[in-house]
Amino acid sequence: VQTCALPISNVFFSNDITIPTHLKHRKFKKRIALHPTSKNIDRNWPKEKFLKLARRLKKAGYEPSFILAPHEKDYFGSSIDIDTPNFNNLEEMSSFIHESGFFIGNDSGVAHLASSLKTPTLTIFSTKRKQKFWKPSFHIDETVVSWPLLNIKGLRLREKYWKKTISVKRVLKGFDSLIKKIENYESSD
């Protein structure tokens, strides 16, 4: 395999997002923005596991909040016992994520937004290949990826069973790793 380099100079690892000056980065260190949805429901880790994760985080002293669009709130039903703030626009949601201590979510655009806002980000992926190509890595990040599954043509085993290979315990372990990374980063400043 031959690779080639593009003759580009002055390349920056930035997307030029400008944070309003009245916002304080990671103001709420214990708040965790959880994004349990994505454009494609097949890429979503199960909502029951997200609820269990949120309750475990709450029990550990964190303040989990689900980031949901108005039409996605029905996805969880009315009995949800975790904070689900209302946002009028993308700016309000972005501000909320920027001031949150952490972000945990599916492989989605919101995960990339959180990473670009420099919020420590844990992203859940269905395959190592997707993680390799789509990992949000503008800042401190961690990923949890499905165990490799045999894929027999036509059976779509990976698509059907990847969610079963990622337990709440594995996501919490990934979160612990993310905490250590941000602590090391902050202590080196």
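The values are calculated or read from the model by the stated rules, or taken from the named source; none is laboratory data. Since the structure is predicted, the reported quantities are computational estimates derived from the model, not experimental observations. Every residue, glycine among them, receives a Cβ derived from its backbone with ideal geometry; neighbour counts consider all protein chains shown. These area figures cover heavy atoms from the full protein model, side chains too; ligands, DNA and RNA do not enter into them. Shrake-Rupley method; radii C 1.70, N 1.55, O 1.52, S 1.80 Å.
Some notes on this structure:
- Strands (runs of 3 or more DSSP E) (entirely within segment 81-189) containing at least 1 residues that are touching a residue at least 40 places away in the same chain (Cβ under 8 Å) and among the aromatic types (F, W, Y): 100-106
- Selection within segment 61-80 - in a strand (DSSP E or B) and either aromatic (F, W, Y) or over 18 Å from V171 (Cα atoms) (or both): F66
Condition check ((1) open to solvent by 20 Å² or more (accessible area, probe 1.4 Å); (2) acidic (D, E); (3) touching a Pro at 6+ places or on another chain (Cβ under 7 Å)) across all residues:
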{"residue": "I82", "(1), (2), (3)": "no, no, yes"}
{"residue": "T119", "(1), (2), (3)": "no, no, no"}
{"residue": "F125", "(1), (2), (3)": "no, no, no"}
{"residue": "K130", "(1), (2), (3)": "yes, no, no"}
{"residue": "K160", "(1), (2), (3)": "yes, no, no"}
{"residue": "K164", "(1), (2), (3)": "yes, no, no"}
{"residue": "S187", "(1), (2), (3)": "yes, no, no"}
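- Residues located in segment 27-41, provided they are part of a loop (DSSP other than H, G, I, E, B), within 17 Å of G105 (Cα to Cα) and in contact (Cβ under 8 Å) with a residue 12 or more places away in the chain: P36, T37, S38, K39
- Filtered by the rule that a residue be within 20 Å of A60 (Cβ to Cβ) and not hydrophobic (A, V, I, L, M, F, W, C), segment 82-98 gives D83, T84.
- Among the candidates E91, E99, residue that is exposed (fewer than 12 other Cβ atoms within 10 Å of the Cβ), among the acidic types (D, E) and at pLDDT 90 or above: E91
- Residue check for H22: out of contact with any Leu (no Cβ under 8 Å at 6 or more places or on another chain), more than 19 Å from A111 (Cβ to Cβ), part of a loop (DSSP other than H, G, I, E, B) and without any contact (Cβ under 8 Å) to a residue 40 or more places away in the chain: yes
- Any chance N151 is modelled with pLDDT under 95 and buried (at least 17 other Cβ atoms within 10 Å of the Cβ): no
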